[in-house]
Structures are given as C-alpha cells and as structure tokens.
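Working notes for the structure below.
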Amino acid sequence: MRIFSGIQPTGAKHLGNYSGGFRQYASTQEEGEAFFCIVDLHSITVDFDPETLRRSTLDLAAMLFATGIDPQRSTVFVQSHVPANPYGAWLLSSVASYGQLQRMTQFKEKAERREFVSAGLFTYPVLMAADVLLYNADLVPVGDDQRQHIELMRDLAQRFNARFGETLVVPEGRFPAEGARIMDLQEPQMKMSTTGGTPQGTVLLLDPPEVIRKKLKSAVTDSGREVRHDPEEKPGVSNLIEILSVATGDSFADIEARYDAQGYGPFKKDVGEAVVALLDPIRQRYDELRADEPELRRLLAIGAEKARATAQPTLESMIEKMGFVQPQGVVDTAPSP
Ligand code: AQP
C-alpha cells in the first residue's frame with residue numbers, strides 16, 4: 001500500500017497538527033510505503049517571509065523525524081524539490097472546475113480573513129490533489145479539516161480517468177477516530193489553527209512545559225461540572241477529553257468515568273500533565289535533530305530523489321494521455337567549432 005500526506009512549513013506546528021498529522025504519519029508508515037511531503041509551495045499561498053520559509057522548512061523536517069518518522073522506512077521530501085508536483089497540478093487544473101474550487105470551505109474561511117487573496121490560495125486544492133495522485137497513493141492520513149480536499153482529489157482522479165483513460169489511483173482519506181479536529185482552547189467552536197486561532201488557545205509542539213500547563217489550566221470549559229464527551233453541549237470539555245485521549249491512548253468512556261464528579265479543576269490539571277508528558281520527549285528529540293542541519297539536508301536530498309523517481313512515471317503517463325507531443329531524436333547542443 002502507498003501512503004502519502006503533506007504538511008505546510010507555515011508557522012509553528014500545534015497540537016492539532018500532531019493529532020491529525022504527525023501522529024498518524026508515524027503510525028501509518030507501518031502499513032506500507034509512505035511519502036511525507038513538506039508542502040512549501042502551499043506556504044506561499046498566504047502572506048509569507050522568504051527567510052522564515054527557509055528556516056521553517058528545516059524546522060518541519062526535524063519535527064517529522066522527532067515525532068517518529070523513520071527515514072530508513074519512509075520518504076520525507078520537500079515539495080519544491082520535485083517539479084513534477086506543480087506540473088501535475090497544472091494538468092489537473094483542466095479537470096477542476098471553478099465552481100467546485102469556489103465551494104471549498106477552507107478557501108472561503110481563509111479568503112474572508114485577508115485583504116489580499118492570492119490566486120494560489122484558490123487553486124491550492126488542485127496542487128494538493130497532484131501531490132497525492134502523482135504518487136499513486138492509496139491512503140492519505142489527514143485531519144478532519146481536509147475531508148473536502150480529499151473528496152475533490154478523488155473527484156479529479158475519477159474525472160481525469162474518465163476523460164483520458166485509466167491513469168490515476170483514487171485515494172482514500174484516513175481520519176483519526178479521536179482528535180480528528182482539535183479545537184482552540186479559548187474558542188472551542190473553532191479548530192486549533194496556525195493562522196486563525198488564539199495564541200492562548202493554541203498549544204505549540206515546542207511550547208515549554210510551564211506554558212503548556214498554563215494554556216490547559218486556562219482552557220475554556222462549559223457550565224456544570226460533568227466531564228462528558230458531548231461536542232454540541234460541551235465543546236470545551238469534549239475537546240479536552242479528545243486531547244487527553246490523544247495524549248494517553250485512553251478511551252473517552254474511561255476518561256469520563258475517572259473524572260466523574262471530580263469537577264473540572266483536577267481534570268484540566270491532568271490534561272496539562274498528559275500533554276507535557278507527550279510533548280516533552282518530542283521537543284528534546286527535535287532540539288537534537290534540528291541542531292544537525294547538514295544531516296537534515298542530506299535526508300531531504302535522498303527523499304527528493306526517491307520522490308522524483310516515483311512521481312515522474314505518473315506525470316509522463318498523464319502527459320502522454322493528454323496528447324502532448326514529446327520531443328524526439330537527438331538535439332545537437334554542442335557549440336559549433
Ligand atoms: N485542529 C486540528 N485538529 C486535527 N488535525 C489538524 N490539522 C490541522 N489542524 C488540525 C491537520 O494537520 C495536518 C497538517 O496541516 P497543515 O499544517 O498542512 O495545515 P492546515 O491543515 O491548513 O492546518 P493549520 O496548521 O491549522 O493551518 P491553517 O491555520 O493555515 O489552517 C493536516 O492533516 C490537517 O488536517
């Protein structure tokens with residue numbers, strides 16, 4: 001089985017990214033041949049700073065390895081190192097409709113929040129589709145916020161195949177049973193997010209333990225004292241139950257039973273400690289890995305080579321089926337005497 005997922009080197013990664021992204025990458029890599037892509041071309045669809053992008057691309061590589069991706073087993077690469085990806089996106093844009101892209105909720109939400117809405121932000125899901133489809137991926141581990149984009153890429157693959165002949169594998173999304181959508185601790189109606197969340201409500205993977213404890217302690221809870229998973233009635237408490245479940249592996253029922261009638265104070269304290277216990281070793285591994293930049297670059301170069309070799313045949317097949325003429329014969333490029 002082929003597994004593919006991408007993650008943006010935008011901003012500091014948070015507990016939601018861990019739950020829907022990193023955690024799933026580490027577990028799904030056991031199930032087949034996995035590719036994890038640092039999608040830097042996606043990062044330029046919103047306001048960005050080139051120097052920060054350079055730095056955070058390597059930060060993210062270190063975080064992927066720190067959260068358990070094994071470079072011997074899986075391929076980690078940077079999207080811009082593989083020109084086939086944006087090339088494939090252009091080809092796929094011929095089967096993506098304007099109306100369909102307009103309906104993407106992530107686009108609508110992000111567009112609403114900014115004055116300058118780049119064309120890239122609009123066509124982003126087509127690039128995401130190319131990322132996955134060029135690698136013939138069967139499985140795409142992602143968080144809940146990516147459901148619509150997964151549906152779109154499945155649609156594009158099917159439409160391409162119907163129009164030009166069987167070429168692309170139609171992938172399936174894999175969403176975690178718990179923690180598929182971690183919410184902001186201060187505004188639990190909103191997902192925890194890099195660009196749209198509150199600073200106090202967003203637990204960063206590199207936050208020091210005392211900051212994590214403080215953020216969890218001041219998390220918004222709901223009326224009553226009951227620790228019960230009910231996202232409609234109790235969004236704040238339900239989110240904390242999900243977080244505790246992600247951090248410890250305990251079921252919702254076990255958590256509910258344990259804190260029954262104890263009230264929110266001890267519960268929030270334990271969630272804070274569980275998140276510290278989860279993230280502390282990750283932060284330490286991250287610090288070690290991030291300090292060795294030549295090694296990170298070496299691993300990314302190996303990843304890029306494997307990724308190029310995997311994506312190229314699919315791209316060539318798309319090019320061929322779409323009727324583009326390929327150059328033939330030997331072109332003499334030697335300078336004249
Ligand atoms: N709150 C979340 N709960 C669970 N999973 C989440 N993911 C993101 N937020 C949550 C998952 O993290 C993976 C990598 O996401 P990304 O960094 O590439 O960007 P994103 O999905 O746009 O999420 P962000 O980090 O919050 O950024 P913005 O603010 O730009 O929306 C994905 O699998 C995603 O589902």
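All of the numbers you see were taken from the coordinates with simple rules; none came from a lab. Quick caveat, the model's predicted, so the values are computed rather than measured. Cβ atoms come from the backbone with ideal geometry, glycine included; neighbour counts cover every protein chain shown.
Since only Thr28, Asn17, Thr123 are under comparison, the one whose Cα sits farthest along the positive direction of the charge dipole of segment 1-140, derived from C-beta charges on Lys, Arg, Asp and Glu, is Thr123. With the convex hull of its Cα atoms as the shape, segment 201-337 has an orientation-averaged projected area of 16.4 nm². Near Ala34, the amide H atoms lying under 5 Å from its own belong to Ile3, Thr75; only residues 5 or more places off or on other chains count, and H is placed 1.01 Å from N. Using only Cα atoms, find the angle between the long axis of helix 264-291 and the longest principal axis of the chain, and express it within 0 to 90 degrees, rounded to the nearest 10. Once rounded, the angle reads 40 degrees. Over the chain, what is the relative contact order in percent, taking alpha-carbon pairs closer than 8 angstrom and at least six residues apart? Over the chain, the number comes to 22 percent. Across every pair of non-identical alpha carbons in segment 1-62, the mean reciprocal distance, once inverted, gives a Kirkwood radius of 12.4 Å.
Around the Cα centre of segment 209-288, unit charges on the Cβ atoms of Lys, Arg, Asp and Glu (plus for the first two, minus for the last two) sum to a dipole of about 360 debye. The packing ranking, built from the mean of other Cβ atoms within 10 Å per residue, places the peptides 161-168, 178-185, 189-196 in the order 178-185, 189-196, 161-168, highest first. From the P(r) of segment 80-148, can you give the percent of Cα pairs sitting at distances over 21 Å? Beyond 21 Å sits 29 percent of the P(r) for segment 80-148. Among beta bridges from DSSP that stay inside the chain, the antiparallel ones total about 10%.
What the phi angles of segment 155-166 give under the Karplus curve with 6.51, -1.76 and 1.60, with θ = phi - 60°, is a coupling list of 4, 5, 4, 5, 5, 4, 4, 5, 7, 10, x, 3 Hz, glycine and proline written as x.
Axis angle, to the nearest 10 degrees, between helix 235-248 and the longest C-alpha principal axis of the chain: 70 degrees.
The percentage of C-alpha pairs in segment 209-288 whose separation is greater than 14 Å is 60%. What does the C-alpha gyration tensor say about the overall shape of segment 258-337? Classify as rounded when a/c is under 1.5, otherwise prolate if a/b is larger than b/c, or oblate. Here segment 258-337 falls in the oblate category. For the chain, the longest principal axis of the C-alpha atoms and the axis of helix 50-66 are separated by about 70°. Segment 227-273 and segment 1-49 have their alpha-carbon centroids 27 Å apart.
Derived from the Cα gyration tensor, the three semi-axes of the equivalent ellipsoid of segment 41-100 are 27, 17, 11 Å, largest first.
About its Cα centre, what dipole magnitude does the chain give when the only charges are +1 on Lys and Arg Cβ and -1 on Asp and Glu Cβ, stated in debye to the nearest 20?
Working: 36 positive and 47 negative charges, 83 e Å.
For this selection, approximately 400 debye.
In order along segment 183-188, the phi-based Karplus estimate (6.51 cos²θ - 1.76 cosθ + 1.60, θ = phi - 60°) of 3J(HN,Hα) comes to 9, 4, 5, 8, 10, x Hz; Gly and Pro are listed as x. The mean of 1/r over all distinct Cα pairs in the chain, once inverted, gives the Kirkwood hydrodynamic radius of 21.3 Å. Reducing segment 141-197 and segment 59-127 to their Cα centroids gives an inter-centroid distance of 11 Å.
Any idea which of Val237, Thr248, Ser218 is furthest toward the positive side of the dipole for segment 209-288, if Lys and Arg beta-carbons carry +1 and Asp and Glu beta-carbons -1? Farthest towards the positive end: Ser218.
Listed values for segment 200-210 are Karplus-derived 3J(HN,Hα) couplings in whole Hz (6.51 cos²θ - 1.76 cosθ + 1.60, θ = phi - 60°), namely 6, x, 10, 8, 8, 5, 9, 5, x, x, 5, and x replaces Gly and Pro.
Database remark: amide H of Arg174 closer than 5 angstrom to the amide H of Val140, Val142 (H placed geometrically; neighbours at sequence offset of 5 or more, or on other chains; Pro and chain starts carry no H).
Pairs of C-alpha atoms in segment 132-206 farther apart than 15 Å represent 63 percent of all such pairs. Taking every DSSP helix (H) stretch of at least 4 residues in the chain, weighting each as -39,500 (n - 2.57) and dividing the sum by the residue count yields a mean residue ellipticity at 222 nm of -16000 deg cm²/dmol.
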